[in-house]
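One structure is given below, encoded as structure tokens.
The values are calculated or read from the model by the stated rules, or taken from the named source; none is laboratory data. Only a predicted model underlies this, so the values are computations on that prediction, with no experimental measurement involved. All Cβ positions, even for glycine, are placed from backbone atoms using ideal geometry, and neighbour counts span all protein chains on display.
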Amino acid sequence: MSQEQIAGSTDRTENDPVGLREFQLVRPSGDGVVAEQVVVQIREMIRQGKLKPGDRLPPERDLAKHLGISRASLRDGLRFLAAVGVLNSRRGSGTYIAHGPPVFPSESLQVLTDLHRFSYDDMFEARKVLEVALAELAALQAKDEDLALIAEEVAEMYAALDDPQEYLVHDIRFHRAVAAASGNQILSALMNMVSATMYENRRATVEQATDLRESAEMHRRIYRMIRTRKPTEAGALMKEHLTLAQKALTSEQAAAGPEPATAASEESEIG
């Protein structure tokens, strides 16, 4: 496809990327803010109908150049959107606006976390209540396409063992896929909101993780119980996983150095 077509074709086929002219120049205003502006811009384009489920974004190199930012900053923003389910990345194909349940903004949950200084114990307790039930429901309700998506995220976690940031994206997406497989859109939407906060808080120190292989194996065991329709076992494994994740987080925090003991200011739980 020519650069002119990428930049602004109005006769776009289903597999063509969205025109670059739909995107606005990003103006840097501080560390970490560039990626946030990418997130805000894409969310706003979705709200306005400029981006729709199934639309393919322009190639990363072209989009970064058009926005006037580095590929690293663009990738940070796209990773966040992928983690919370707004985008889907397909190997050898590109990055697409995802289909699926609505993604609730996580800002309200983050504000509550900041305001009330929720502890990590609080966060993990809430996750256990929500995600154990979701795993059990997924074992009862999952369709073939749900199982395929969960399996794909497990495979991607193993493929990303040497890239903690990429691993985190697929870790979060695994939990979202389990939630979607439950068949309950309300619970799934709640999990989507929680997953956004999980990702925002966790990505700063995921490089300290030393248990990614063990974590991937636990996710695979949960998937197997869901696939074989064993709800009690799936729920029990999810609870065990979250308990181990909480312990692993304590080790990560120690390695990263002292931080205020709240879910808002430190890295959040391991997916």
(message) Given the condition closer than 15 Å to Ser188 by Cβ and either surrounded by fewer than 20 Cβ atoms within 10 Å (Cβ to Cβ) or among the β-branched types (Val, Ile, Thr) (or both), answer yes or no: does some residue in segment 155-173 qualify?
(response) yes
(request) With the condition kept exactly as written, say whether any residue in segment 62-82 is at pLDDT 85 or above and in contact with a Gly (Cβ under 7 Å, 6 or more places away or on another chain). (result) no
(message) If Ala181 satisfies all but one of (1) under 11 Å from the mean Cα position of the chain (by Cα); (2) modelled with pLDDT of 90 or more, what's the number of the condition it fails?
(response) (1)
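A quick yes/no check of all residues on (1) out of contact with any Phe, Trp or Tyr (no Cβ under 8 Å at 6 or more places or on another chain); (2) under 18 Å from Ala248 (Cβ atoms); (3) in the same structural domain as Gly85 (by TED's automatic domain parsing):
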| site | (1), (2), (3) |
| --- | --- |
| His175 | yes, yes, no |
| Ala180 | yes, no, no |
| Leu187 | yes, no, no |
| Met191 | yes, no, no |
| Val206 | no, yes, no |
| Asp211 | yes, yes, no |
| Arg221 | yes, yes, no |
| Pro231 | yes, no, no |
| Ala234 | yes, no, no |
(request) Please note which helices (runs of 4 or more DSSP H) are completely contained in segment 33-101 and include at least 3 residues that are within 19 Å of the chain's Cα centre (by Cα) and not assigned by TED's automatic domain parsing to the domain that holds Asp163. (result) 33-47, 71-83
(message) Condition (residue is more than 22 Å from Tyr199 (Cβ to Cβ), surrounded by fewer than 21 Cβ atoms within 10 Å (Cβ to Cβ) and without any contact (Cβ under 8 Å) to a residue 12 or more places away in the chain) applied to segment 66-83: is it met by at least one residue?
(response) no
